[in-house]
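See structure below.
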Amino acid sequence: MLRVDFHSHSIASVHALNTIEEMLRYADEHALEAIAITDHCPGIDNTQWLLQHRTDSDCWKERISGPDVPYFLTFLSRYRPPSSIKTRLFKGIECNILSHSKEATDLPSFIAHRFDVVIASVHPLPSLFEVEDREQITRCMIAAMDAPIDIIGHPSQRRYCPLMEPLVKAAADKGVVLELNNASLKLGKADIEQTIQMLTLAARLDCRIALSSDAHAANELGEDNEIGNLLKQTGFPPELIVNGTLAAAETFVEHRRQVRRQKTQPNSA
Ligand SMILES: [Zn+2]
Ligand SMILES: [Zn+2]
């Protein structure tokens, strides 16, 4: 089980199943030292998700949207976990990498510096990302690295896989982290060969990675069966994992908050 899990969703993401507090209690009971709750950016369209995954029946036609900016503002400004919970909460967000917009992601810049963890991912939903080819996906992921984000989420998905060599090189150059996502592997969405190539290149080019369950239910938190096997198989260097220990994760979060602040408020020093 992961000690620090950098990617999970609460019921605020609409297609996930537990509240923040239920997630934290499960994490605490299972001795996770920290979890990041990274609900989807307001841009995610759950209606599209539902239509694509299962059904076009009338009952789903009503628009079901995800969390909105006020949710994140309350989460950031006011929410404190109960003091009985020892697991540390990192307040995060998973924003969308955009394909046909002048912005690289849909994270509102006025709020970007306030999170502990910002993941940017491609979700190929019509309003967000229209996949053309691997060059285009690579270009969009690399462009997102200059936005105020920390981690490229699930970058080895079969349906929208970038060219690994330029991606890993750009991440190493720009100090952005690539994610090794357990759910993508568990659900058969990730391309295993591409994931191994990502890890092999990352080890060679000193590119850091983040480990995550991408839990959509409390009892998925900390799951690492799939990623643990790949880390072993590739002999991946533990020093390149940003959340292998709580201390490493805290150092990473602190540093990235400063980087994001510089990117969004360059004169604030
Ligand atoms: Zn995602
Ligand atoms: Zn996610």
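The numbers here are math on the coordinates, done by the rules we state, and not lab data. Predicted model only: the values in this text are computed from it and were never measured. Cβ atoms come from the backbone with ideal geometry, glycine included; neighbour counts cover every protein chain shown.
Descriptive notes on the structure:
- Residues of the stretch 196-214 satisfying the condition of being within 15 Å of ligand 1 (Cβ to nearest atom) and hydroxyl-bearing (Ser, Thr, Tyr): SER212, SER213
- Among (1) within 21 Å of GLY222 (Cα to Cα); (2) within 12 Å of ligand 1 (Cβ to nearest atom); (3) out of contact with any helix residue (DSSP H, G or I) (no Cβ under 7 Å at 6 or more places or on another chain), the one test that LEU128 misses: (1)
- Residue in the stretch 114-135 that is buried (at least 18 other Cβ atoms within 10 Å of the Cβ), charged (D, E, K, R) and either in a loop (DSSP other than H, G, I, E, B) or free of Cβ contacts under 8 Å to residues at least 40 places away in the same chain (or both) present: yes
- Residues of the stretch 236-254 classified as more than 16 Å from MET1 (Cβ to Cβ), in contact with a helix residue (DSSP H, G or I) (Cβ under 6 Å, 6 or more places away or on another chain) and crowded, with 17+ Cβ neighbours inside 10 Å, total: 2
- Residue count for the stretch 151-160, restricted to those that are assigned to a loop (DSSP other than H, G, I, E, B) and away from ligand 2 (no atom under 14 Å from the Cβ): 1.
- The listed residue being within 16 Å of ligand 2 (Cβ to nearest atom), of a type in the set (D, E, K, R) and assigned to a helix (DSSP H, G or I), out of GLU239, GLU165, GLU226: GLU226
- Filter pass, ASN229 being among the polar types (S, T, N, Q), closer than 23 Å to VAL118 by Cα and surrounded by fewer than 19 Cβ atoms within 10 Å (Cβ to Cβ): no
- Output for the stretch 142-156, where each listed residue is within 15 Å of ligand 1 (Cβ to nearest atom) and in contact with a helix residue (DSSP H, G or I) (Cβ under 6 Å, 6 or more places away or on another chain): ASP150, ILE152, HIS154, SER156
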